[in-house]
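Scroll down for the structure; my scribbles are underneath it.
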């Protein structure tokens, strides 16, 4: 392939620097995508009419700064993971000033936005894809759902032709209140619940209520991209607080007023740890003292494999500081676009008005069908069934990792649909493992490519992969991990030769 590079000579900028800057800009603007091959230095030098050494030096600089990588005997490619600081620079500095001025003038209040990853970023068919947060497609209760939806259609009357309560169908809100009371220890009622289009829509609703330019948004570090990027889009000041094996470190909470703190206490995303009771109480005390709200995202709490379910943070709240987000995307499917927000009483009326301004409410038919599914007992039966299924798949993943990669450590495997894997020390960094795996048709993901924001720039942060297991059959899990081991065994060190014990 040829690159559309234009070199100027004579110029005060050297040829090597011109190549570096133009290729770098093409990568940052997405014209060269992660994993895309680049021409060999010999081909590039012939194309541009320059010495091969000049081209090679430009490539060396691009590689040193993390934009490209060379694979021995294969070729040169755009890096799978572009440096985080470079992406920030691209949105703020690398756009031509004149072009930026024109766009800013055309769009009032212009701000550059980032969005979370929703699907695997590689755009190719994989032998085994350990992408996170996907329910098993075969587990959806199609026959029951078809029967319930047909019954509602036949008796719909004017329900499909009239506007409904933007807060959501009262039958569904009541079914949710009845369920979270015993399962999540949340004493609520239908009036405090608003139906939304999944957790992201709930995050958007709450942000519109509470987040303003310059306000403080406390997030976990690392954190779910969809929350951090959304707060960023509203102009909030992001304050990351580190997570350790007991969850958010409450000792590091900032001394601020009127903040919002986003947490995933039941199964922290992406590391999977559970926030301890002591820290839950500490977080609640901080919120009360600073007049702040806590946004609790309970995205996959139905899948706890050991011990009794852990009470939600909102179940411990006695001062009305917790807003609870729940979703049906993980138990049923993201295609339904259904979730809910449980609000403190003083925020309910404002939230209803804001929900009306946003979209006038969610589709009636899906809400009505889900309400019937829950009230009939079918939903509880479905959750119990897929919890057993995911437990077996989690065990298959743990067994395969233990067999092929002694010396690694899994984190957050007591619950949920994914786990974090700290790589054994003899393996390359996570970003390199991800790149090698993709070449072999195996999808494994670093924190950054797995829909998380990692505020820690240390080398240790590149020792983690996130592995989803819920959408893969046990045989696919075994094949995927075995194939990954074979790929990594071809490197300078082999996981099969390691003598270290499993951590």
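Throughout, read-outs are computed from the coordinates displayed, never taken from laboratory work. Everything quoted here is computed from the prediction, not taken from an experiment. When we count neighbours, we look across all protein chains shown, and the Cβ atoms used for this are built from the backbone with ideal geometry, even at glycine.
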Relative exposure of 342, 411, 260, judged by other C-beta atoms within 10 Å (fewest first): 411, 260, 342
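For region 182-272, compute Rh as the Kirkwood radius over C-alpha pairs and then the Stokes-Einstein diffusion coefficient at 20 °C and 1.002 mPa s; write the answer in µm²/s, rounded to an integer.
On the way: Rh = 14.3 Å.
For the chosen part, D equals 150 µm²/s.
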Rough spin-label spacing in nm, given labels placed 7 Å along Cα→Cβ, for residue 170 and residue 125: 5.1
FRET efficiency estimate (nearest 0.05) - Cβ-Cβ, residue 403 to residue 375, R0 41 angstrom: 0.35
FRET efficiency estimate (nearest 0.05) - Cβ-Cβ, residue 425 to residue 482, R0 30 angstrom: 0.90
Amide N proximity, region 222-263 versus residue 457 label position 7 Å along Cα-to-Cβ, cut-off under 16 Å: 240
Value of Rg/Rh across region 150-376 [Cα atoms, Kirkwood radius]: 0.97
222 nm mean residue ellipticity, helices alone, for the chain (DSSP H n ≥ 4; -39,500 (n - 2.57); rounded to 500): -12500 deg cm²/dmol
Alpha-carbon gyration tensor eigenvalues x 5, square-rooted, for the chain, Å: 42, 29, 23
Using alpha-carbon coordinates, inclination of helix 430-439 to the longest axis of the chain, degrees: 80
Contour excess over end-to-end distance, with Cα ends at residue 316 and residue 7 and 0.36 nm allotted per residue: 104.8 nm
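Want the number for residue 440 to residue 142: 0.36 nm per residue separation, take away the alpha-carbon distance, what's left?
Values: separation 298, 0.36 × 298 = 107.28 nm, distance 3.40 nm.
Computed gain between residue 440 and residue 142 is 103.9 nm.
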Virtual paramagnetic centre 7 Å along Cα→Cβ of residue 474, amide N under 12 Å, in region 354-398: 389-398
Residues residue 490 and residue 43, FRET efficiency given R0 of 35 Å [Cβ-Cβ distance, rounded to 0.05]: 0.85
Among 415-424, 241-250, the order from most to least packed when residues are scored by Cβ within 10 Å on average: 415-424, 241-250
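Taking a ≥ b ≥ c as the square roots of the Cα gyration tensor eigenvalues, with a/c under 1.5 meaning rounded and otherwise prolate when a/b beats b/c, else oblate, which class fits region 268-364? Before the final figure, lay out each step's value.
Values: a/c = 2.56, a/b = 1.14, b/c = 2.25.
Oblate, since a/c reaches 1.5 and b/c is not below a/b.
When the chain is fully extended, how far beyond the present Cα-Cα distance does residue 258 get from residue 391, taking 0.36 nm per residue of separation?
Values: separation 133, 0.36 × 133 = 47.88 nm, distance 4.03 nm.
Stretched out fully, the residue 258 to residue 391 stretch lengthens by 43.8 nm.
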